Amino acid sequence: MDHTMEQVQRLIAEKKYEQAAATLDKAISEHPDDPAGYTNFGNLLIAMGESSRSLAFFEKALSINPAYASAVFGYGNALFELGQHKEALTRFSDAQKFGLDNGDLFYMIGRSALELGHSGQALAAFQRAVELNTKDVEARFQYALVLARLGDLDTAEKQFKTVIDADPSHADSFYNLGVIATFRDNKDKAHGFFEKALELNPHHMLAANGLSTLNKGK
C-alpha cells in the first residue's frame, strides 16, 4: 500500500489526475479498511479544485482511524481552500498532536494564522517550517513578509535575499527589498530592486507603483 500511495502522490504532482484516481479506486477496493486510500483521494480532489467533495473522503479515513494525522492535515487543507481558516487551524493543530511534524504542516499553520490576523503565531509557524525544510522558498518568503510586517527589517532583508539566492526569478522578493530600501530612504537601491522586479514580471503593479513614486520624488 505504501508503494501505491507514493505512486499516487507522484501522479498528483505530475497532474495525471485520471491515472491517480484509477489507482486509488483499485487501492480502496482492495484495502477498504486502510485510511491511506481515502486520504489520498481527498488530496487528489483538492489538487483538482474540488475541495468540498474531498471532505467526505477525509471523514471516511477518520471514521476508520480518528487519529490518522495525514487525514486530519488533508481535512485542514480542504477547509483552508474553502475559506474556513479558523476550522482549518484547529485541524492543523490536531494533526500536530497526532504526530505530524513537517514543514508543510507549519507552513499551513502560518497561512491560517495570517488569515486570522495572528501575526505572532504565523511568524513562529513559518520560522519552524523553514527550519524543517530549508529549501521551501515559499515558506521562507512568507516568513520574511511577516518579519517585515512586524518591523524586523534586518532579518526580513536577509530572508528575502536568501529566497533570491534560491530563486533568482522571485520578483516579489525584489519588490519587498525595494520597499525596505525605500523605508530606509535609500532611493537608489530601492529603484534598482523595483526595476529588477519589473524586469522579472512586467505586470508587477506594486513594483511599478513603487518606481513611479520614487520618480515623482526626484
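Below are the figures for this structure:
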| read-out | value |
| --- | --- |
| For the stretch 43-192, the Rg and Dmax computed from alpha carbons only, in angstrom | 17.5, 61 |
| Rel. contact order, % - alpha carbon contacts under 8 angstrom, at least six apart, the chain | 9 percent |
| Total charge dipole magnitude, the stretch 133-218, about the Cα centre, Cβ charges on Lys, Arg, Asp, Glu only, Debye to nearest 20 | 260 debye |
| Potential extension, D101-H31 segment - 0.36 nm per residue separation minus Cα distance | 22.6 nm |
| Protein accessible area in the stretch 107-218, 1.4 Å probe - carbon and sulfur % | 50 percent |
| Inter-label distance for K16 and N215, nm, one decimal - labels placed 7 Å from Cα along Cα-to-Cβ | 4.9 nm |
| Kirkwood hydrodynamic radius (C-alpha pairs) into Stokes-Einstein, the stretch 77-131, 10 °C and 1.306 mPa s, D in µm²/s | 148 µm²/s |
| Cα-projected label distance for E87 with A166, points at 7 Å along beta-carbon direction, nm | 3.2 nm |
| Estimated inter-spin distance, E50 and E195, nm [label 7 Å along Cα→Cβ] | 5.0 nm |
| Heavy-atom surface of the chain, accessible at 1.4 Å and reported per residue (Å²) | 53 Å² |
| The stretch 73-138 versus the stretch 184-205: alpha-carbon centroid distance in Å | 31 Å |
| Shape category assigned to the stretch 124-168 from the gyration tensor of Cα positions, a/c cut at 1.5 | oblate |
| Loop-resident sites, the stretch 1-108, for trypsin sites (Lys or Arg not before Pro), counting at most 15 other Cβ within 10 Å (DSSP) | K15, K16 |
| For the stretch 70-208, with +1 on Lys and Arg beta carbons and -1 on Asp and Glu, the positive-most of T162, L82, V146 along the dipole | V146 |
| Which listed pairs, of K15/K135; K135/K187; K158/K196; K60/K135; K161/K187; K158/K216, have C-alpha distances above 25 Å, in listed order | K135/K187; K60/K135; K158/K216 |
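The values are calculated or read from the model by the stated rules, or taken from the named source; none is laboratory data. All values derive from a computational prediction rather than experimental measurement. Neighbour counts are summed over all protein chains in view; Cβ atoms, including those assigned to glycine, are modelled from backbone coordinates with ideal geometry. Just so you know, the surface numbers come from the protein's heavy atoms only, side chains and all, with ligands and any DNA or RNA stripped out. Shrake-Rupley method; radii C 1.70, N 1.55, O 1.52, S 1.80 Å.
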